[in-house]
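A short write-up of the structure that comes next.
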Amino acid sequence: MPWTLFETSIGPCGVAWTDAGLTWVQLPEEDRKATRGRLLSKANEGGKVTSEKAMPPWVKDAIARVREHLAGKPQDLGRIPLDVSGVSAFTAKVFRAAQAVPAGRTATYGELAGIVGASRASRAVGRAMATNPWPIIVPCHRVVAAGGAAGGFSAYGGLLTKEKILKLEGGTLASTKQVSLFDARALRVRPLPYDAEAALRVLTVADPVLGRHIARTGPLRLQLKDTEGTFAALAESIVYQQLSGRAAATIFGRVRALYPNGRLEPGAVLATADAALRGAGLSAAKLASLKDLAAKSIAGDVPTLAQLARMEDAAIIERLTAVRGVGRWTVEMILIFRLGRPDVLPVADYGIKKAFARLFKNPENGGRSKYGPDELPSATVLASRGERWRPFRSVASWYLWRALDEVQQEQSLAE
């Protein structure tokens, strides 16, 4: 089995390979001699050092990518061929899931277990990480224990090496700075493109009932969700439809794990076998929607984020709802939480209707009583009241959702 050593910013590394792909990636040991000895022990009997001229082009490319990555310039390492003949099917699935964790972010053993469909197998995931033959390429350094604990790292230097590699990627083991791939709350926070304090002043004056609720709730904490692009945002929305947050996150994580570095691209999704996507947990309807989204994105029918930024809300809704399975509500969520549009009111949203019934008198009953326990306002009534909230109906919507949180908390205490 051929092998070679090469220099990197963290010291000498090495690789061994077969025609099928890399069989081992060696991180630096105590010195070059120890690194060479460790690599030789993994290259099997008869393994021989290979000169640069004799290396296959794909091995040269792999080495170049690893060098750049360890120089603080994160690379797409997911396309480097790996010879997985020596690992079990379960372990191979775990490794693919780990490759979906982007540089600078972390995932827990339990999160990876959930993605591969074995939510109680976090220990087995930990064992797989400990025996990983391809560190850096299968980024076991990005996998941590629950509760912010660093977990282990079997390479020379242990957690110091793990921390060093994460820092080169822009991450850290410090629990206060950890960013998990699968925790939406930990995504990079972007500032709102409008003045939140001004919005609260306008709403409080325009609608005293809503103003009192705003005063009880406190400051606006609406956060814009980071996204790779329109395609990824819509794909996530499609997966999340009609599912609990936990179930949707698991399925979406499995879908991401099918692709290098977890990055969703229209061409790659369109080329993916239906069976693979169904195996990740997508229903037939969501599969059809995702494929239609991919086809329309490739055809140029789905605007990029830069194009959306220059479009009016109504035009965005018209363009994006042309995608199968994408309705007005889905686009409204993107307008509020991805694009930061200030004046969106999702009148069909159940939570907003439920909160409205809690806060406001029933205008269809002369305003003399609140809505009944199972009674919800019509979209017309909600839209009419919402005219008072312009041009900050998105902010009003956020506070209505907080009223729904209060209802759920009261029900939980009652139980």
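Quick look at the numbers
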quantity	calculated
Looking only at the range 160-172, and only at residues there that are assigned to a loop (DSSP other than H, G, I, E, B), in contact with a helix residue (DSSP H, G or I) (Cβ under 9 Å, 6 or more places away or on another chain) and touching a residue at least 12 places away in the same chain (Cβ under 8 Å), the one that is nearest to I137 (Cα to Cα)	E169
Lone unmet requirement of (1) within 22 Å of the chain's Cα centre (by Cα); (2) modelled with pLDDT of 95 or more for R319	(1)
Output for the range 84-108, where each listed residue is polar (S, T, N, Q) and within 17 Å of the chain's Cα centre (by Cα)	Q99, T106, T108
Test: residue in the range 296-308 that is assigned to a helix (DSSP H, G or I), farther than 26 Å from V101 by Cα and of a type in the set (K, R)	yes
Failed item, numbered, when K53 is tested on (1) in a strand (DSSP E or B); (2) at pLDDT below 90	(1)
Residue identified as polar (S, T, N, Q), more than 24 Å from A150 (Cβ to Cβ) and not in a helix (DSSP H, G or I) among S85, S41	S85
Residues within the range 125-159 that are surrounded by fewer than 17 Cβ atoms within 10 Å (Cβ to Cβ), in a helix (DSSP H, G or I) and not charged (D, E, K, R), tallied	6
Failed condition for L224, given (1) under 28 Å from L77 (Cα atoms); (2) under 17 Å from the mean Cα position of the chain (by Cα)	(1)
Sole exception among (1) at pLDDT 85 or above; (2) under 30 Å from P342 (Cβ atoms); (3) outside any loop (DSSP other than H, G, I, E, B); (4) not aromatic (F, W, Y) for V269, by number	(2)
Criterion violated by V407 - all others in (1) under 29 Å from A285 (Cα atoms); (2) at pLDDT below 95; (3) hydrophobic (A, V, I, L, M, F, W, C) satisfied	(1)
Residue match in the range 92-101 (condition: aliphatic (A, V, I, L, M), assigned by TED's automatic domain parsing to the domain that holds R142, in contact (Cβ under 8 Å) with a residue 12 or more places away in the chain and closer than 18 Å to T23 by Cα)	yes
Given (1) out of contact with any Asp or Glu (no Cβ under 7 Å at 6 or more places or on another chain); (2) surrounded by fewer than 17 Cβ atoms within 10 Å (Cβ to Cβ), index of the condition C13 fails	(2)
When residues of the range 83-118 are limited to those that are of a type in the set (V, I, T) and crowded, with 22+ Cβ neighbours inside 10 Å, the one farthest from L166 (Cα to Cα)	V116
Per-region count, the range 108-162, residues of a type in the set (S, T, Y), modelled with pLDDT of 80 or more and closer than 22 Å to F252 by Cα	3
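The values are calculated or read from the model by the stated rules, or taken from the named source; none is laboratory data. The model shown is predicted, which means the values in this text are computed figures rather than measured ones. As a convention, Cβ positions derive from the backbone with ideal geometry for all residues, glycine included, and neighbour counts pool all protein chains shown.
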